[in-house]
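Student: Take a look at the following structure, please.
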């Protein structure tokens, strides 16, 4: 009896349904909690680009007080509604999904880090980054000073870089190499910042180069391409914000 | 499968909750029949997650949960599972449990989830899990299966924690993220980059197996 086809099929169906219900139930119950966790993680990364959040308890409160955000398109114009007419929230713009679209169709979130309680007193502009490392996607946030040139900080994250090699882009020591570097040259041309091959050299007098990661040149190349690529997409907004003062930048 | 099915002893009604035989179910895999060092199973994740103690501990707990629960589930179903599809049934149960672990981590320990996500998923392919199901749970009662699963998973857990301990202290100079080297020797102690890469895990694991086999006198027979 236990070997008959009917028994095998019935058993399989019952098992599938039971396990399926268990999984979908869990997913339903934990869904909201996971959403909060992801939101917290995103906000941690954004804040991490401009400040040391180690041991910070109230990330969400801090974020609410210090960050305001909006979305621009490829021409640097502020977009308030998506195609469906819903109000756009910069935090909900999925950079990874937008990365799959053509650059001119993408939405580009901008996060302003401002003094507590005063949205106009901007201290830095934080822009998301997205690209490809050696094995998988890499992403991060770039914090620029109000001159839109000097880097105030970066955070990088990755999906599957090699631990101890490419994965080192998440280390504070590596990210700190970008602090104070500049993305435009004297003529205002975008050169971004290049992570060099090899490690242990001093690039402190070159504003467009940082020390590399030994054994992770391809990840470093990915980071370089990501920086240049994403800054270039934000360039229309940057030039507008620079010439028009804050008029464009304020909602 | 490198283990042999443990002959099912006749269990008397009055067997103690932790009789000698049952204690052996737990203690054997810790040393004499360790799944990692003796049976050489689960090596993949032993190499991958052991750069630091903290993710290793989460991984160990996850594996304990999955092995114990899948052993329990399969043992409860052992008289109803059609033998022709038993591997698929085992796989479905294990995959479900692993997904549950992954979902819980995502909700309650997102940082760990980010760090471990791929490897949590790969618990499905950890030979220890299926090995215990095939070799033990299919032929034994639920309570014994729980003990057996717990023992095997614990055997796996202590090995990967030991590997992680040496890799973290030599590779990063810390234990559970606490900077031991800095505290003891001052800031400028060089760490060994080899320990951070998977090669370091091979070396540590090899040394542990060497020491253990020297002590137990275990030799592999062809």
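Student: Between A:71, A:79, A:50, find the one with the highest GNM mean-square fluctuation for chain A; connect C-alpha pairs within less than 10 Å.
Tutor: Top of the fluctuation ranking is A:79.
Student: Also: Taking the mean number of other Cβ atoms within 10 Å as a proxy for protection, how do you rank B:149-157, B:210-218, B:64-72 from highest to lowest? Provide the component values of the computation, followed by the final result.
Tutor: On the way: B:149-157: 26.0, B:210-218: 11.8, B:64-72: 22.8.
Ranked by mean Cβ neighbours within 10 Å, highest first: B:149-157, B:64-72, B:210-218.
Student: Could you compute the FRET efficiency for residue A:218 and residue A:186, with r as their C-beta to C-beta distance and R0 at 25 Å, rounded to 0.05?
Tutor: With R0 = 25 Å, the Cβ-Cβ based efficiency is 0.25.
Student: Take every Cα pair under 8 Å in chain B that's 6+ residues apart, average their separations, divide by the length, and report that relative contact order as a whole percent. Working shown, then result.
Tutor: Numbers: 278 pairs, mean separation 72.4, N = 222.
That works out to 33 percent.
Student: Now for a separate question. In whole Å, what is the distance between the alpha-carbon centres of the stretch A:173-227 and the stretch B:44-75?
Tutor: The two parts, judged by their Cα centres, are 39 Å apart.
Student: May I pose another question? Per-residue Cβ counts within 10 Å, from other chains only, averaged over B:103-116: what number is that? Don't skip to the end; give the middle numbers.
Tutor: Values: counts 8, 4, 2, 7, 12, 4, 1, 9, 4, 0, 4, 7, 3, 0.
If you average over the peptide's residues, the count of other-chain Cβ atoms is 5.
Student: Moving on. Can you put B:110, A:125, B:143 in order of Cβ neighbours within 10 angstrom, beginning with the fewest?
Tutor: Lowest count first: B:143, B:110, A:125.
Student: How large is the Kirkwood hydrodynamic radius of the protein assembly as shown, in angstrom, based on all distinct alpha carbon pairs?
Tutor: The answer is 25.6 Å.
Student: Further, regarding this structure: Which FRET efficiency value, to the nearest 0.05, do you get for residue A:243 and residue B:214 by plugging their Cβ-Cβ distance into 1/(1 + (r/R0)^6) with R0 = 56 Å?
Tutor: Result of the calculation: an efficiency of 0.15.
Student: Give, in nm to one decimal, the length gained when the segment between residue A:9 and residue A:21 is fully stretched (0.36 nm per residue of separation minus the Cα-Cα distance).
Tutor: Contour length minus the Cα-Cα distance gives 2.5 nm.
Student: Now a separate question. State the three equivalent ellipsoid semi-axes of the stretch A:22-84, derived from the C-alpha gyration tensor as the square roots of 5 times its eigenvalues, in descending order and whole Å. Spell out each step's value before the answer.
Tutor: On the way: eigenvalues 143, 100, 16 Å².
Whole-Å semi-axes of the equivalent ellipsoid: 27, 22, 9.
Student: What do you get for the angle between helix B:110-121 and the principal long axis of chain B? Use alpha-carbon atoms, 0 to 90 degrees, nearest ten.
Tutor: 50 degrees
Student: Hey, what angle do you get for helix A:5-48 against the long axis of chain A, alpha-carbon based, 0 to 90 degrees rounded to 10?
Tutor: Result, in degrees: 20.
Student: Further question on the same structure: Given points 7 Å out from each Cα along the Cα-Cβ axis, report the residue A:29 to residue B:44 separation in nanometres with one decimal.
Tutor: For the pair residue A:29/residue B:44, the computed spacing is 3.0 nm.
Student: What is the gain in length, in nm to one decimal, between residue A:202 and residue A:100 on full extension, counting 0.36 nm per residue of separation less the C-alpha to C-alpha distance?
Tutor: The span from residue A:202 to residue A:100 would gain 33.1 nm if fully extended.
Student: If I take R0 = 25 Å and measure r between the Cβ atoms of residue A:79 and residue A:228 in this structure, what FRET efficiency does the formula 1/(1 + (r/R0)^6) give, to the nearest 0.05?
Tutor: 0.60
Student: Measure out, as a whole number of angstrom, how far apart the alpha-carbon centroids of the stretch B:90-126 and the stretch A:115-170 sit.
Tutor: Each part reduced to its Cα centre gives a spacing of 28 Å.
Student: Sorted by average packing, counted as other Cβ atoms within 10 angstrom per residue and highest first, what order do A:221-232, A:96-107 take? Show your work: numbers first, answer last.
Tutor: Working: A:221-232: 20.2, A:96-107: 12.8.
Ranked by mean Cβ neighbours within 10 Å, highest first: A:221-232, A:96-107.
Student: Average partner chain C-beta neighbours within 10 Å, per residue of B:77-84?
Tutor: That average works out to 4.
Student: From the C-alpha coordinates alone, can you work out the Kirkwood hydrodynamic radius of chain A, in Å?
Tutor: In chain A this quantity evaluates to 20.2 Å.
Student: At 37 °C and a viscosity of 0.692 mPa s, what translational diffusion coefficient does Stokes-Einstein give for chain B, taking Rh as the Kirkwood radius over Cα pairs? Give it in µm²/s as a whole number.
Tutor: For the chosen part, D equals 178 µm²/s.
Student: Right, here's the next one. Give the order of A:208, A:233, A:158, B:221 when sorted by the count of other beta carbons within 10 angstrom, beginning with the fewest.
Tutor: Starting with the residue having the fewest Cβ neighbours, the order is B:221, A:208, A:233, A:158.
Student: On to the next question. Jot down the per residue volume, in cubic angstrom and as a whole number, of the convex hull over the alpha-carbon atoms of the stretch B:37-154.
Tutor: On the way: hull volume 11.4 nm³, N = 118.
It is 96 Å³ per residue.
Student: To continue, here is another question. Express the relative contact order of chain A as a whole percentage, based on alpha carbon pairs under 8 Å and six or more residues apart in sequence.
Tutor: 15 percent
Student: Would you mind getting the Kirkwood hydrodynamic radius of the stretch A:1-132 from its Cα pairs, rounded to one decimal in Å?
Tutor: 18.3 Å
Student: Once the Cα atoms of helix B:53-77 and of chain B are each reduced to a long axis, what angle between those two axes, in degrees from 0 to 90 to the nearest 10, is obtained?
Tutor: Roughly 10 degrees between the two axes.
Student: Here is a further query. Take the alpha carbon atoms of the stretch A:103-251, find their radius of gyration, then divide it by 2.2 N^0.38 Å using N residues; give the quotient.
Tutor: Details: Rg = 15.5 Å, N = 149, 2.2 N^0.38 = 14.7 Å.
That ratio works out to 1.05.
Student: Using only atoms on other chains, find how many Cβ atoms lie within 10 Å of each Cβ of peptide A:35-48 and report the average.
Tutor: 2
Student: Same structure, new question: Can you tell me the length gained on complete extension of the stretch residue A:64 to residue A:42, counting 0.36 nm per residue apart and subtracting the Cα distance?
Tutor: This chain segment gains 6.6 nm when fully extended.
Any read-out appearing in this document is the output of simple, stated calculations on the displayed coordinates, not a laboratory observation. All of these numbers come straight from a predicted model, not from anything done at the bench. Methodologically, a virtual Cβ is constructed for each residue, glycine included, from the backbone with ideal geometry; neighbour enumeration extends over all protein chains shown.
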